[in-house]
Structure formats: C-alpha cells, structure tokens
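Notes to accompany the following structure.
Readers should treat all values here as calculations from the given coordinates under stated rules, not as data from a laboratory. What you see is a predicted model; the values in this text were computed from it and never measured. Heads up, the Cβs are rebuilt from the backbone with ideal geometry, glycines too, and the neighbour counts pull from every protein chain shown.
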2 protein chains.
Amino acid sequence: MHHVPLDESTAAPRRRDRDNIRDLLLEAAITEFAQRGFDGASTTSIARRADAHQPQINYHFSNKSELWQAAVDQVFSELDEVIATTDFLGDPEAGFAALIRGLVEFAAARPELHQIMVQEATAASDRLNWITDTHIRPRYEQLSTLWAALQQRGVAAPIDPKLIYYVVIGTTSLMYINRAEARILLSENPANEAIIDKHVAGIVAMLLPHYKPATRP
Amino acid sequence: MHHVPLDESTAAPRRRDRDNIRDLLLEAAITEFAQRGFDGASTTSIARRADAHQPQINYHFSNKSELWQAAVDQVFSELDEVIATTDFLGDPEAGFAALIRGLVEFAAARPELHQIMVQEATAASDRLNWITDTHIRPRYEQLSTLWAALQQRGVAAPIDPKLIYYVVIGTTSLMYINRAEARILLSENPANEAIIDKHVAGIVAMLLPHYKPATRP
DNA sequence: GTCTATAATTAGATAGAC
DNA sequence: GTCTATCTAATTATAGAC
C-alpha cells in the first residue's frame with residue numbers, strides 16, 4: 001500500500017541536508033544501543049530517531065558494528081572529560097569524594113554508558129573483549145590503586161581493592177542504569193539534584209567512614 | 001538448497017518427546033533474555049538451545065511475551081526461596097548480614113534475574129510497569145523499612161532509606177550482572193566462593209560499620 | 001550526501017500432517 | 001505434542017538515480 005500524495009507538487013521528496021547528521025545519528029545510536037542492546041537496536045529505528053533514512057547509517061558508519069563502536073567511544077570520551085576536570089588537588093579523601101560526585105553526576109546525565117556496558121557484559125563476545133581492554137581495564141586498575149592508597153591512610157572501608165570497582169560503579173550507577181524503574185519507585189526523577197546530593201553523601205560516608213568533609217571556616 | 005541425506009532410512013525425522021520440554025524451553029529463555037534482552041532474544045535461538053523446534057515455543061507458551069513473563073516469574077520465585085530460607089531470627093543486624101549474603105550468593109548463582117532487570121529498566125514499557133509493580137516494589141519497600149529500623153538502632157551507615165535499595169542491589173549484583181567482564185578483570189570466576197565471601201564481608205562492613213559479627217565462643 | 005528501491009536474510013506466528 | 005512448511009513483516013546492506 002503506497003502513500004498517495006494529495007498533490008504531486010507537495011510530494012516532492014525533501015532533501016534534508018544537515019552538516020551535523022553524523023552527530024545526530026551517533027546520538028540516536030547511543031540511545032538505542034543503551035535501551036535495546038546491540039541485537040535489539042535496529043538501524044532503521046536509529047535513523048528514524050535522527051529524522052534520516054536507514055542507508056545514511058551505512059554511508060556515514062559503514063555498518064552497524066562500526067556505528068556501535070563510535071557510540072561507545074563517544075560516551076567514554078565524555079566520561080574522560082568529567083574525570084579530567086575532577087579536582088584531585090586536595091587531600092586524597094577529598095579527591096575520592098569528588099570522584100564519587102563526578103561518577104554519580106555523570107551516571108545521571110549519561111546513563112547510556114553504563115546501560116551499554118551491562119548490555120554487553122552479560123556474555124562473552126568480541127565486542128566485550130574490545131570494550132574491556134580499551135576502556136574498562138585502565139579505569140579498573142586506577143580505582144584499585146587509588147583505593148589501596150586510601151586504605152593505607154586508614155580512612156577507607158574494608159573493601160578488597162580488587163572488588164572496589166564493582167562497589168563504586170554499582171552504587172554510583174545502578175539507580176541510573178535502571179532509571180525508568182527508579183522513576184517509578186521514587187516517584188521522581190532520580191537525576192534530580194536533591195537525589196544526587198543525597199546519593200553522593202551516602203556513598204562517600206559509607207566508603208570513607210573516617211572522613212569528614214571540611215566545612216567552610 | 002535442501003539437505004540430502006546419505007541414506008533415507010537415517011533421515012527419518014526424530015521425534016524428541018520429553019516430558020520436561022517446557023522447563024527446558026523456560027531455562028533457555030531465561031538465558032537468552034538475560035543476555036540479549038527481549039528484542040534481541042529470538043525464539044528460534046531459544047528453541048535451538050533446548051534442542052527443540054521454534055513452533056514448540058508457541059505451543060507451550062502461546063507467544064514470546066508470555067514466554068518472557070514465565071521466565072521472569074521463574075527467576076523471582078527462585079529468589080523468593082532464598083529470601084524465605086534466610087535466618088532473620090537473630091538480632092536485626094545478623095539478619096541483615098544474612099540477607100546480604102543471600103543476595104550475593106543468589107546474584108552469583110542466578111545473574112539472569114538482575115540481567116533481565118537492567119535490560120528492561122532502561123526504558124519505560126508495559127513490561128517494566130508489570131515487573132516493577134509485581135516483583136520489585138514489595139522488595140523495595142521491605143528493604144527500605146528494614147533499613148530505617150537498623151538506622152534507628154544506630155548501626156547503619158547514613159544512607160537514605162529511599163536509596164538503600166539501589167546501594168544494596170548495586171553492590172551485591174553488578175559484579176554478577178557483568179560477570180563476563182568481571183571474569184576478564186579479576187582473571188577468575190567472580191562466583192568463586194572466596195570472591196563471594198570477600199564481597200559479602202566488605203558490603204556488610206561498609207553498610208553496618210558499627211556491627212561486629214559474633215565470633216564463636 | 002540524500003534518497004528510493006530492493007536484495008538477502010531472519011524474525012514470530014500459524015496450518016496441518018503425523 | 002512434535003514436526004515441516006510457509007506466511008507476513010522486519011532486518012542490514014547495497015545499487016544507482018539525483
């Protein structure tokens with residue numbers, strides 16, 4: 001069944017040239033991959049989200065796998081920016097507290113990163129090997145080392161440095177991975193500033209039980 | 001292109017009657033839905049996993065949605081058994097510690113429950129509304145209430161009772177949701193007894209900083 | 001670079017033989 | 001209850017006009 005235009009002159013296909021179409025497709029892909037996983041996401045649906053046609057995805061990204069990889073690189077580069085601007089200049093405890101705040105704020109603003117991770121990390125695959133080697137392991141090692149240093153100073157909870165990664169990522173991000181569920185349970189947006197502040201304070205107090213944030217004089 | 005049997009007598013289709021085929025299909029579905037989500041999972045692949053034919057799924061479960069619902073009910077009923085056998089008879093702190101151990105052991109043995117949850121909870125849907133109302137909210141409320149009581153007793157970390165659910169589920173389960181990743185990072189199976197013991201001890205110490213498990217006299 | 005048309009494959013569901 | 005055959009719809013990728 002074909003679309004029958006009321007008037008042929010108005011049916012002329014509109015050419016929607018946009019200089020940012022690659023970014024629009026990428027953002028649409030991030031959303032789709034986060035919500036439905038690699039297999040569940042469809043390039044047709046991604047294109048529609050960007051008000052584009054499905055073959056434009058193959059033109060700009062060759063194939064679905066390269067689109068997925070570009071999406072992953074994009075969200076991790078955004079995380080890099082947050083980490084890079086985190087103030088580690090004070091004492092290690094204040095630096096760790098700032099890191100926790102950065103991670104919670106990032107998870108609230110960009111839940112897609114962790115959503116894509118859980119979609120991929122449920123089963124072994126080439127995609128998982130790539131993302132783990134490229135993006136995850138350096139962060140895992142850094143956090144493990146930082147945590148061991150905090151334990152040396154006697155301010156950190158007795159969590160094994162090999163396991164601290166999953167405690168930190170689990171607490172800072174699960175509420176945002178499951179944000180559609182959290183919105184139902186909390187009856188409000190879990191990304192609200194008040195929720196974020198409470199969540200950060202709770203996590204820091206729990207992980208650094210002997211640390212008291214400096215109060216302004 | 002059709003399969004040409006070497007000998008017609010050996011090509012007779014084998015009728016694989018099994019009285020537990022429904023359970024086999026259900027178990028295969030749990031695995032597939034956990035790893036690839038509702039849209040990513042295919043009934044053909046699920047049937048193949050159970051060494052059955054794709055139409056048998058429609059025969060035993062009507063359609064894909066009812067298969068999914070049966071899979072969810074199954075894993076939550078298994079969780080119920082674990083919770084039901086948890087010993088809450090001692091003091092509240094010992095009961096909470098036992099609950100944490102039960103949750104970690106369950107996540108290690110049945111990561112599919114939480115994997116299915118994160119697959120579904122990323123976006124609003126009828127499936128999410130059903131699973132949240134039916135299975136999640138009662139547990140969320142129970143944990144919130146239990147936590148408030150522990151805080152009254154002065155032994156619990158300063159986590160908001162409205163947020164404790166995500167702290168508990170995040171810490172107890174993320175390493176098992178991401179078990180394929182964790183296996184790479186830890187260079188061992190995160191479901192190993194030694195890892196489980198360490199993880200439980202860390203979480204309990206962090207959440208109940210003033211609680212010291214009773215040592216045998 | 002955008003767009004239509006379409007090829008090649010796979011999806012979930014149903015009909016009917018056994 | 002199992003199985004083959006098949007329908008309709010949806011998938012990713014490609015060809016070629018513009």
To make sure I understand the rule: partners must be aspartates and glutamates, Cα under 13 Å from the Cα of A:K198, and not fewer than 8 residues away in the same chain. Which ones qualify? A:E105, B:D160
Region B:18-102: relative contact order in percent, alpha carbon pairs under 8 Å with at least 6 residues between: 23 percent
Isotropic mean projected area of the C-alpha convex hull, region B:23-73 (nm²): 2.8 nm²
Over region B:65-217, what lengths in whole Å, largest first, do the semi-axes of the equivalent ellipsoid take, defined as the square roots of 5 times the eigenvalues of the alpha-carbon gyration tensor? 26, 20, 14
Using a Gaussian network model of chain A whose springs link C-alpha atoms within less than 10 Å, name the residue from A:D17, A:D87, A:D160 with the highest mean-square fluctuation. A:D17
Among the aspartates and glutamates, which have Cα under 12 Å from the Cα of B:K162 when same-chain residues fewer than 8 positions away are ignored? A:E188, B:E141
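Restricting attention to region A:12-91, which chymotrypsin sites (Phe, Trp or Tyr not before Pro) occupy a DSSP loop and are surrounded by at most 16 other Cβ atoms within 10 Å? Could you put the intermediate results ahead of the total?
Working: sites: A:F33, A:F38, A:Y59, A:F61, A:W68, A:F76, A:F88; in loops: A:F88.
Here the chymotrypsin sites (Phe, Trp or Tyr not before Pro) that fit, given the DSSP loop and packing criteria, are A:F88.
In whole percent, what relative contact order does region B:135-217 give with Cα contacts below 8 Å and a gap of six or more residues? Before the final figure, lay out the partial values.
Numbers: 47 pairs, mean separation 25.1, N = 83.
Relative contact order, region B:135-217: 30 percent.
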Treating the beta-carbon of each Lys and Arg as +1 and of each Asp and Glu as -1, no other charges, what is the dipole magnitude of region B:165-216 about its Cα centre, to the nearest 20 debye? 160 debye
Name the aspartates and glutamates eligible as straight-distance cross-link partners of B:K212: C-alpha to C-alpha under 13 Å, and not fewer than 8 places from it in the same chain. B:D91, B:E93
Return the single residue from B:E32, B:E105, B:E81 with maximal mean-square fluctuation; model: Gaussian network over chain B, springs between Cα atoms under 10 Å. B:E81
What percentage of all Cα-Cα pairs in region B:145-215 are separated by more than 22 Å? 32 percent
Test of understanding: extend the Cα→C-beta vector of A:S187 to 7 Å, then name every residue of region B:128-145 with backbone N under 18 Å from that spot. B:132-134, B:136-145
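Just to check, using Stokes-Einstein with a Kirkwood Rh over alpha carbon pairs, what's the diffusion coefficient of region A:18-141 at 10 °C and 1.306 mPa s in µm²/s?
On the way: Rh = 15.6 Å.
Value of D from the Cα-based Kirkwood radius: 102 µm²/s.
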Just want to confirm a number: the relative contact order over chain A, from Cα pairs under 8 angstrom separated by 6+ residues, in percent. 18 percent
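In debye, nearest 20, what is the charge dipole magnitude of region B:67-217 about its Cα centre with +1 on Lys and Arg Cβ and -1 on Asp and Glu Cβ, if you could check? Can you show the working numbers first?
Working: 12 positive and 18 negative charges, 89 e Å.
Charge dipole of region B:67-217: 420 debye, to the nearest 20.
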Whole-Å distance linking the alpha carbon centroid of region A:10-55 with that of region A:80-113 is 31 Å
Could you put B:T31, A:T86 in order, starting from the residue whose Cβ has the fewest other Cβ atoms within 10 Å? A:T86, B:T31
Checked against the positive end of the charge dipole of region B:89-135 (+1 on Cβ of Lys and Arg, -1 on Cβ of Asp and Glu, about the Cα centre), the farthest of B:I116, B:W130, B:L89 is B:I116
Among B:R14, B:R49, B:R110, residue whose mean-square fluctuation peaks in a GNM of chain B (springs only between Cα atoms under 10 Å): B:R14
Cα gyration tensor of the protein assembly as shown diagonalised, 5x eigenvalues square-rooted, in angstrom largest first, produces semi-axes 40, 31, 20
From fewest to most C-beta neighbours within 10 Å, the residues B:K162, A:K212, A:K198 line up as A:K212, A:K198, B:K162
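Could you compute the FRET efficiency for B:D87 and A:D51, with r as their C-beta to C-beta distance and R0 at 56 Å, rounded to 0.05? Write out the running numbers ahead of the final one.
On the way: r = 58 Å, r/R0 = 1.03.
Plugging the Cβ-Cβ distance into 1/(1 + (r/R0)^6) gives 0.45.
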